[in-house]
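Below you'll find the structure, written out as structure tokens, and then a few comments.
The values are calculated or read from the model by the stated rules, or taken from the named source; none is laboratory data. Everything numeric in this text was worked out from a predicted model, so none of it was measured. With ideal geometry, Cβ positions are generated from the backbone for all residues, glycine too; neighbour counts draw on all protein chains shown. Accessible surface areas use protein heavy atoms only, side chains included; no ligands, DNA or RNA. Shrake-Rupley method; radii C 1.70, N 1.55, O 1.52, S 1.80 Å.
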Amino acid sequence: MVSFYPGPSRVYDTIPAYVKDAVKEGIVSINHRSPEFIALAKKTDRLLKQKLSIPKNYTILYTSSATECWEILAQSLSGEKSYHLFNGAFGKKWFDYTVALNHQAEGILFSREEALHPEEYVFPYQQALICLTQNETSNGTQVSNDILKRFRSNNPGAIIAVDATSSMAGIFLDFKQADVWFASVQKCFGLPAGLAVMVCSPKAIERVRNLNERLHYNSLPAMVNMMEVWQTTHTPNVLAIYLLMRVMEKQESIKAIHKQTQARFKQWKDFIQKQKGLSLLIENSAVQSQTVLPIISDPFNVSLIKSKAKKAGYILGEGYGDLKSTTFRIANFPALQTKEIKALQKFLSDFKSK
Ligand SMILES: *Cc1c(COP(=O)(O)O)cnc(C)c1O
């Protein structure tokens, strides 16, 4: 079975060998206060920064999931006011979790074919947290690096937080243009679920210290203090951090991966255009996600394609929410192999000609 589900998705073929190594080297039993863990934390930090082009002065924290990151930001950084701009299910969930903890959170809905105009969003609370979903996995749209940059220049006092769960490690993200970025590793990182990274700018760290929220086990001031000595507040998923380190060690630079993702996306797009009865859900090329492709068809086709694909050995992503019956989603994540993509495309074109 090859999983084209946009998360959890196919993991790298190297994972079983790395797990074996972790057992052999005793990683699975190391203490999270030990010199061995500290060395692992330092090395992983260095590799992530090097391979993903994250500025050296940013701080990388570990959590268990992107959902935990939403909650952490709500409790420790939403402060007086947070603005949530979203056009799909993940951005909405982030807003819902935040408003449950902080009634000052404000949701701003935009449509999925719309490219945001940051000039329209100059917010009165300059100390606010602005929350954007870089890659909306539910509908296959994205917010470009350039738009993020303009949000930042229009709101210089704000902290910009970006959910990049289904794009980080798959496309180039300009980390300088926002203050908090997070992603869980079961999407573009090609790793098993159970770990997420949160990447914070010096400005975000300064805001964390000023707000100094300390009510929770995962309050940010405590997490930041512990990571200053290369540790975590509680026993983390050490195996997952080790696997992340091993994958990053072998990984090409994000610039090279970005090129491949872009080329594969373009090829997918050309392929879909040639298939009768199938189209990309998102028509505006300015907002099309390059890592998650929702494909729209009639409900009969969609359910037949999904079930036949499963029998043929391919797991496709379900459509999300009100798009469930009319769409299916295909991950364009780096761990998928070219021959697997070709085989799925052959399956889809054969299916259509029947
Ligand atoms: C998958 C996903 C999440 C949730 O990730 P978890 O690791 O399950 O918490 C959040 N945001 C986006 C954009 C996602 O794609």
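Assuming GLU318 fulfils every condition listed in (1) open to solvent by 20 Å² or more (accessible area, probe 1.4 Å); (2) farther than 23 Å from PHE172 by Cα; (3) more than 21 Å from the chain's Cα centre (by Cα) apart from one, which condition is it?
Here GLU318 clears every test but (3).
Restricting attention to segment 46-61, does a residue exist that is touching a helix residue (DSSP H, G or I) at 6+ places or on another chain (Cβ under 7 Å) and within 16 Å of the ligand (Cβ to nearest atom)? Before you say what the answer is, go through the steps one by one.
As a first pass, look at segment 46-61 and keep what is touching a helix residue (DSSP H, G or I) at 6+ places or on another chain (Cβ under 7 Å): 47-48, 51-61.
Restricting the remaining residues to those that are within 16 Å of the ligand (Cβ to nearest atom) gives 61.
Yes.
Look through segment 316-354, keep the residues that are modelled with pLDDT under 95 and among the hydrophobic types (A, V, I, L, M, F, W, C), and return whichever of them is nearest to THR14 (Cα to Cα).
By that ranking, first place goes to PHE351.
What number of residues within segment 242-258 satisfy the criterion of being part of a helix (DSSP H, G or I) and buried (at least 18 other Cβ atoms within 10 Å of the Cβ)?
Start the filter on segment 242-258 by keeping residues that are part of a helix (DSSP H, G or I), which leaves 242-250, 254-258.
Filter once more, so that each one left must be buried (at least 18 other Cβ atoms within 10 Å of the Cβ): 242-248, 254, 257-258.
The total comes to 10.
For segment 148-186, give me the residue count where each residue is outside any loop (DSSP other than H, G, I, E, B) and either open to solvent by less than 20 Å² (accessible area, probe 1.4 Å) or within 11 Å of the ligand (Cβ to nearest atom) (or both). Write out each step before concluding.
As a first pass, look at segment 148-186 and keep what is outside any loop (DSSP other than H, G, I, E, B): 148-154, 159-163, 168, 171, 175-177, 180-184.
Next, from what is left, pick out any that are either open to solvent by less than 20 Å² (accessible area, probe 1.4 Å) or within 11 Å of the ligand (Cβ to nearest atom) (or both): 148, 151, 159-163, 168, 171, 175, 180-184.
Count: 15.
Between THR291, THR235, which is touching a residue at least 60 places away in the same chain (Cβ under 8 Å), of a type in the set (Val, Ile, Thr) and touching a strand residue (DSSP E or B) at 6+ places or on another chain (Cβ under 8 Å)?
On the way: THR235 fails: touching a strand residue (DSSP E or B) at 6+ places or on another chain (Cβ under 8 Å).
The unique qualifying residue is THR291.
Restricting the search to segment 261-273, which residues are more than 16 Å from THR327 (Cβ to Cβ) and either surrounded by 15 or more Cβ atoms within 10 Å (Cβ to Cβ) or touching a residue at least 12 places away in the same chain (Cβ under 8 Å) (or both)?
The first filter runs over segment 261-273 and keeps only residues more than 16 Å from THR327 (Cβ to Cβ), leaving 261-267, 270-271, 273.
If the condition is that a residue be more than 16 Å from THR327 (Cβ to Cβ) and either surrounded by 15 or more Cβ atoms within 10 Å (Cβ to Cβ) or touching a residue at least 12 places away in the same chain (Cβ under 8 Å) (or both), then THR261, GLN262, ARG264, PHE265, GLN267, PHE271 are the ones that fit.
For the structure I just gave you, tell me whether PHE95 is within 16 Å of the ligand (Cβ to nearest atom) and aromatic (Phe, Trp, Tyr).
Details: within 16 Å of the ligand (Cβ to nearest atom): yes; aromatic (Phe, Trp, Tyr): yes.
In short, yes.
Residue-wise test of (1) farther than 30 Å from LYS51 by Cα; (2) of a type outside the set (Asp, Glu).
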{"residue": "LYS306", "(1), (2)": "yes, yes"}
{"residue": "THR327", "(1), (2)": "yes, yes"}
{"residue": "ILE341", "(1), (2)": "no, yes"}
{"residue": "ASP350", "(1), (2)": "yes, no"}
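Regarding ILE72, is this residue under 18 Å from the mean Cα position of the chain (by Cα) and either away from the ligand (no atom under 16 Å from the Cβ) or not hydrophobic (A, V, I, L, M, F, W, C) (or both)? So that I can check it myself, show each step before the final result.
Working: under 18 Å from the mean Cα position of the chain (by Cα): yes; either away from the ligand (no atom under 16 Å from the Cβ) or not hydrophobic (A, V, I, L, M, F, W, C) (or both): no.
Answer is no for this residue.
Restricting to segment 98-108, give me the number of residues that are within 16 Å of the ligand (Cβ to nearest atom) and open to solvent by 80 Å² or more (accessible area, probe 1.4 Å).
0
With the requirement that a residue be of a type in the set (Val, Ile, Thr) and open to solvent by less than 20 Å² (accessible area, probe 1.4 Å), what does segment 227-241 give you? Let's see the steps before the verdict.
Going residue by residue through segment 227-241, those that are of a type in the set (Val, Ile, Thr) are 229, 232-233, 235, 238, 241.
THR232, VAL238, ILE241, listed by residue number.
So in segment 187-210, with the set limited to residues that are outside any helix (DSSP H, G or I) and touching a strand residue (DSSP E or B) at 6+ places or on another chain (Cβ under 7 Å), which one is surrounded by the fewest Cβ atoms within 10 Å (Cβ to Cβ)? Can you show your working first?
From segment 187-210, those outside any helix (DSSP H, G or I) are 187-201; that's our starting set.
The next check asks that each one be touching a strand residue (DSSP E or B) at 6+ places or on another chain (Cβ under 7 Å); those that pass are 188, 193, 195-200.
Numbers: CYS188: 29, ALA193: 17, LEU195: 23, ALA196: 25, VAL197: 26, MET198: 23, VAL199: 25, CYS200: 25.
By that ranking, first place goes to ALA193.
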